[in-house]
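A.B. asks: Once you've had a glance at the structure underneath, I'll fire off some questions.
The values are calculated or read from the model by the stated rules, or taken from the named source; none is laboratory data. Note that the coordinates shown come from a computational prediction; the quantities given were computed from them, not determined experimentally. Here the Cβ positions follow ideal geometry from the backbone for every residue, glycine too, while neighbour counts run over all protein chains shown. Quick note on the areas: whole protein, heavy atoms, side chains included, nothing else; ligands and nucleic acids left out. Shrake-Rupley method; radii C 1.70, N 1.55, O 1.52, S 1.80 Å.
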Amino acid sequence: MTLPSIDADPFSHDVLEDPLPLHARLRDAGPVVYLTRYDVYALARYEHVHAVLTDWQNFQSAAGVGLSNFRYEKPWRPPSLLLEADPPRHDAPRAVLTNVLGPRELRKLRAAWFADAEELADAVLGAGSSGELEFDAVTELAEAFPLRVFPDAVGLPPDGRENLLPYGEHAFNAFGPVNDLVEKGLPRVAELSAWVNSRCQRDMLAPGGFGARIWAAADRGDITAEQAPLVVRSLLSAGVDTTVHGLAAVLYAFATHPDQWRRLRREPHLARVAFDEAVRWQSPVQTFFRTATRDVVVGGTLIPDGKKVVTFLGSANRDPRRWADPDAFDLSRDPSGHVGFGMGIHQCAGQHVARLEAEALLTALARRIERIELAGPALRHHNNTLRAWRSIPVRVHLA
Ligand code: OVM
């Protein structure tokens, strides 16, 4: 079988504006498609994306999960102990973070975050008033809520929190090629990295928070004191922009699917399903790479040792071979099994945190908002990895 090849650029502005046509082209071209521009092997069907993500022995992360191959190129920052590591080195940091962000810890935050969501909803919508109003769902809700609850949960001091989104933005751009998106971030990398690294130190992190719990794990000997700050760095790298664009995705979904919003109002327990369905439907994280550790055959195609493969999570999540009516945002579907949080040993360690944020915010909004619709065109924000929004102007009709 000959390997289909495509010379499209998945990181061009055209594709970032609307990746769906490229995804369909890649899925239809074959199980594996060679991207001539970057010398990488693309996987865009659910079956093969899933297969690669769950095969860490043949597809390593330690050579980087972006385009850059750490076998040959120096990473822009010391590699993440979680994301950019393989077993066995991956396992202790992962176990610590999984525990710190696990359901048991989150049960303690639940009541406070629901109350925070009520307060934010009142502040944005005006407590007790009725009628209609317009605002930007990205800045007022999708950014405001994670920034309100997550840095406090980590235990960060108040100053400099405005650096979190720009740092994450650059980190996600840096998984792609060195294009204009990466270049525009370069002037601030040193400053933002210095700020983030300083906040990973023990004395910066308030008792009881996620950060202090990571340091407590170092005290117990579960990880070393050298590893602790890098594990905290993972929280600060992956914990903010992702949830912002996950929340933006679900808010956009409801603003464009009034029947689904009515259903959420009737059945508010669907908030969690709604969030996962939005993560499937939009896939806020679009791509991650792996590196073949030996010659491996995938879908009948040989991927040579040392070559990069790119998994298109957003494409797998809309593969008609796996999903009925994949382009529909539908609360009746069971979205479990989507790869929007990845799959396998690296699957998102913060997914329960993200779901709790979404559940709290959607519950507060569903109580107050009868109808939500776009008040103008929603604008994309281009990032090499994130499917993101700059602006979602909405009009809401209060209950
Ligand atoms: C990390 C990390 C994990 C997932 C995503 C990510 C910037 C970073 O461990 O630092 O994106």
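A.B. asks: With θ set to phi - 60°, apply the Karplus curve 6.51 cos²θ - 1.76 cosθ + 1.60 along segment 101-108 and write out the HN-Hα couplings as whole Hz, x wherever there is a Gly or Pro.
C.D. replies: 9, x, x, 5, 5, 6, 4, 5
A.B. asks: Considering amide H positions built from the backbone, and no H for Pro or chain starts, which residues 5 or more places from Asn383, or on another chain, come under 5 Å of its amide H?
C.D. replies: When sequence neighbours closer than 5 places are left aside, the close amide H contacts are Ala388.
A.B. asks: Something else now. What do you get for GluC sites (Glu not before Pro) in segment 132-236 restricted to DSSP loop and a cutoff of at most 15 other Cβ within 10 Å of the site's Cβ?
C.D. replies: Those satisfying the criteria are Glu226.
A.B. asks: In terms of the Cα gyration tensor, with a ≥ b ≥ c the square roots of its eigenvalues, is segment 70-202 rounded because a/c is under 1.5, prolate because a/b exceeds b/c, or oblate?
C.D. replies: Working: a/c = 2.44, a/b = 1.47, b/c = 1.66.
Oblate shape, in that a/c is at least 1.5 and b/c is the bigger or equal ratio.
A.B. asks: From largest to smallest, what semi-axes in whole angstrom does segment 263-399 give when each is the square root of 5 times an eigenvalue of its alpha carbon gyration tensor? List each step's numbers first, then the result.
C.D. replies: On the way: eigenvalues 227, 53, 40 Å².
Semi-axes (√(5λ), whole Å): 34, 16, 14.
A.B. asks: Let me ask something else. As a test of the formula, what do you get for the chain when each DSSP H run with n ≥ 4 contributes -39,500 (n - 2.57) and the sum is divided by the residue count, at 222 nm and rounded to the nearest 500 deg cm²/dmol?
C.D. replies: So the helix-based figure for the chain works out to -13500 deg cm²/dmol.
A.B. asks: Subtract the Cα-Cα distance of Arg371 and Glu134 from 0.36 nm times their separation in residues, and report this length gain in nm to one decimal. Walk me through the numbers on the way to the answer.
C.D. replies: Values: separation 237, 0.36 × 237 = 85.32 nm, distance 1.19 nm.
Full-extension gain reported as 84.1 nm.
A.B. asks: Moving on to the next point. Which percent, nearest 5, of DSSP beta bridges in the chain are antiparallel?
C.D. replies: Percent antiparallel among DSSP bridges in the chain is about 80.
A.B. asks: Could I ask something else about it? What's the local net charge at Tyr167, with K and R +1, D and E -1, over the other residues with C-beta under 9 Å away? Please report the intermediate quantities before stating the final value.
C.D. replies: On the way: positive: Arg188; negative: Glu169, Asp241.
It works out to a net charge of -1.
A.B. asks: Separate question: Cα-based Rg of segment 21-128 per 2.2 N^0.38 Å, rounded to two decimals?
C.D. replies: Compactness ratio reported: 1.58.
A.B. asks: If amide hydrogens are placed 1.01 Å from N in the peptide plane, which non-local residues have theirs closer than 5 Å to the one on Ile303?
C.D. replies: Val296, Val297, Val298
A.B. asks: For a quick check: with amide H placed at 1.01 Å from N, whose amide H comes under 5 Å from Leu67's, ignoring anything fewer than 5 positions away on the same chain?
C.D. replies: When sequence neighbours closer than 5 places are left aside, the close amide H contacts are Gly176.
A.B. asks: Of Gly376, Gly168, Thr54, whose Cα points farthest to the positive end of the dipole of the chain (charges on the beta-carbon: +1 Lys, Arg; -1 Asp, Glu; origin at the Cα centre)?
C.D. replies: Thr54
A.B. asks: Heavy atoms only, probe 1.4 Å: what % of the accessible area of the chain goes to carbon and sulfur, would you let me know?
C.D. replies: About 54 percent, which is the carbon plus sulfur part of the accessible surface.
A.B. asks: Might you work out the accessible area of Lys108 for me, using a 1.4 Å probe with all protein chains in place, and round it to the nearest 10 Å²?
C.D. replies: The accessible area comes out at roughly 120 Å².
A.B. asks: Once the Cβ-Cβ distance between Arg161 and Arg77 is put in as r, and R0 is 22 Å, what FRET efficiency do you end up with, to the nearest 0.05?
C.D. replies: Working from the Cβ atoms, E equals 0.65.
A.B. asks: What whole-number value in Å² describes the accessible area per residue of the chain for a 1.4 Å probe?
C.D. replies: 39 Å²
A.B. asks: Same structure again: Over the alpha carbons of the chain, what is the largest minus smallest coordinate on each principal axis, giving the biggest first in Å?
C.D. replies: 63, 50, 38
A.B. asks: Going through segment 23-108, which GluC sites (Glu not before Pro) have at most 12 other Cβ atoms within 10 Å and a DSSP loop state?
C.D. replies: Glu73
A.B. asks: Can you tell me which aspartates and glutamates have their Cα less than 17 Å from the Cα of Lys308? Leave out same-chain residues fewer than eight positions away.
C.D. replies: Asp7, Asp9, Asp39, Asp55, Glu73, Glu84, Asp86, Asp295
A.B. asks: A further question follows. Could you derive backbone 3J(HN,Hα) for segment 244-260 from the dihedral phi with the Karplus parameters 6.51, -1.76 and 1.60 (θ = phi - 60°), listing whole Hz in sequence and x where the residue is Gly or Pro?
C.D. replies: Running phi through 6.51 cos²θ - 1.76 cosθ + 1.60 with θ = phi - 60° gives 4, 7, x, 5, 4, 4, 6, 5, 4, 4, 6, 5, 10, 9, x, 5, 5 Hz.
A.B. asks: Quick one: what are the phi-derived ³J(HN,Hα) couplings along segment 288-294, Karplus 6.51/-1.76/1.60 with θ = phi - 60°, whole Hz, x for glycine and proline?
C.D. replies: Values, residue by residue: 9, 9, 9, 10, 5, 8, 6 Hz.
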